[in-house]
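The values are calculated or read from the model by the stated rules, or taken from the named source; none is laboratory data. Not measured: the values here are computed from a predicted model. All Cβ positions, even for glycine, are placed from backbone atoms using ideal geometry, and neighbour counts span all protein chains on display. Please note that ligands, DNA and RNA were not included when accessible areas were found on the heavy atoms of the full protein model with its side chains. Shrake-Rupley method; radii C 1.70, N 1.55, O 1.52, S 1.80 Å.
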Amino acid sequence: MQIRAIQSIEKDAELTISYIELLQPIARRRKVLQSQYHFICACPGCTNEEAVKRDKLHTRGRHKTVSNKDVEDTLAECESLLQKANDAAKDGDHGKSLQLAEMGYESFSSVLHPSSYCIIQCADRAMDSAIETGQWEKALMYGLKTLEGYKLWYPLYHPSLAVQLFRVGKLQRYVNKQTDAIRSLDVTLGVLEVSHGSCHPLTQDCGEMVWQSRQEVAHACGRQVES
């Protein structure tokens, strides 16, 4: 196992790690931790004022006119639809999974806050299913929709954010948006070098893609890029 520090660590300081997925409301995370690991989490991500305030976005309506009851009902409907989409993907029916995920995203985005875990997961599911069905433009569209939420809920150097940024950058390459891909992959490379290390295959693959994209842009402009 390799552990990477992204800040100075004081002597005798306690080091912690997240046991579960961060893209969930605090109450749900704490409930799972208490049920599975038998403790009530009191980490800064569950208890500090900023985290608690940000957490309310999960259950906040998109507009002030949306009632709490409407949000609760919509979250329940969205989770049910997401489960069906995930089940369809597990059964190999990615077309159905995509249809359900898109339905959820379009139907519930008018009620739920764009940073709600349900909306992000609908976009994530749609992205995955679009990739499985070879619909690269659609996959990129939904991938881009996830990034704001990923950057909000995950720390800058979290592996989940690094991988999602990489996926978006690769899709931009596939649809020949090389300039966009260079920007995305440059950011991804900086995150991966910290989250995974410069020698990790994922980091090296990203570096190679950045170089290839620059070569392609330079070639189109009649220039030569040195490695």
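Which one, THR203, ALA88, SER160, is farthest towards the positive end of the dipole of the chain when Lys and Arg carry +1 and Asp and Glu -1 on their Cβ?
Working it through, the farthest residue towards the positive pole turns out to be SER160.
Just to verify a number: FRET efficiency for ARG54 and SER8, C-beta to C-beta distance, R0 = 35 Å, to 0.05?
The calculated FRET efficiency here is 0.90.
For the pair LEU147/ARG28, report the inter-label distance in nm, with labels modelled 7 Å from Cα in the Cβ direction.
2.5 nm
How large is the convex hull of the C-alpha atoms of the range 80-151 per residue, in Å³?
Dividing the Cα hull volume of the range 80-151 by its residue count gives 71 Å³.
Among [x] 12.3; [y] 15.8; [z] 16.4, find the value of mean projected area of the Cα convex hull in nm² that was calculated from the structure presented, and write down its label.
Of the listed options [x] 12.3; [y] 15.8; [z] 16.4, [y] comes from this structure.
Using the Cα atoms of the range 15-84, I'd like the radius of gyration and the largest Cα-Cα distance, Dmax, both in angstrom.
So, for the range 15-84, Rg and Dmax equal 14.0, 43 Å respectively.
In deg cm²/dmol and to the nearest 500, what is the mean residue ellipticity at 222 nm of the chain if only DSSP H runs of at least 4 residues count, each as -39500 (n - 2.57), divided by the residue total?
-21500 deg cm²/dmol
Towards the positive end of the charge dipole of the chain, with charges on Cβ (+1 Lys, Arg; -1 Asp, Glu), say which of GLY61, SER107, GLN121 has the farthest Cα.
It is GLY61, whose Cα lies furthest towards the positive end.
When the Cα atoms of the range 137-223 are enclosed in a convex hull and the volume is divided per residue, what value in Å³ results?
It is 78 Å³ per residue.
Rounded, prolate or oblate: which one fits the range 120-179, using the alpha carbon gyration tensor with axes a ≥ b ≥ c (rounded when a/c is under 1.5, else prolate when a/b beats b/c, else oblate)?
Here the range 120-179 falls in the oblate category.
Roughly how many Å² is the accessible area per residue of the chain, as a whole number, for a 1.4 Å probe?
It amounts to 60 Å² per residue over the chain.
Can you give me the % of accessible surface on the chain that is carbon or sulfur? Probe 1.4 Å, all protein chains present, nothing else counted.
On the chain, the fraction of accessible area on carbon and sulfur atoms equals 50 percent.
Accessible area of SER109, 1.4 Å probe, to the nearest 10 Å²?
20 Å²
Compute the signed sum of charges (Lys and Arg +1, Asp and Glu -1) over the other residues within less than 10 Å, Cβ to Cβ, of CYS46.
+1
Any idea what the dipole of the chain comes to, in debye rounded to 20, about its Cα centre with Lys/Arg Cβ at +1 and Asp/Glu Cβ at -1?
Details: 27 positive and 29 negative charges, 76 e Å.
Rounded to the nearest 20 debye, it is 360 debye.
Probe 1.4 Å, all protein chains in place: accessible area of PHE39 in Å², nearest 10?
Result for PHE39: roughly 80 Å² accessible.
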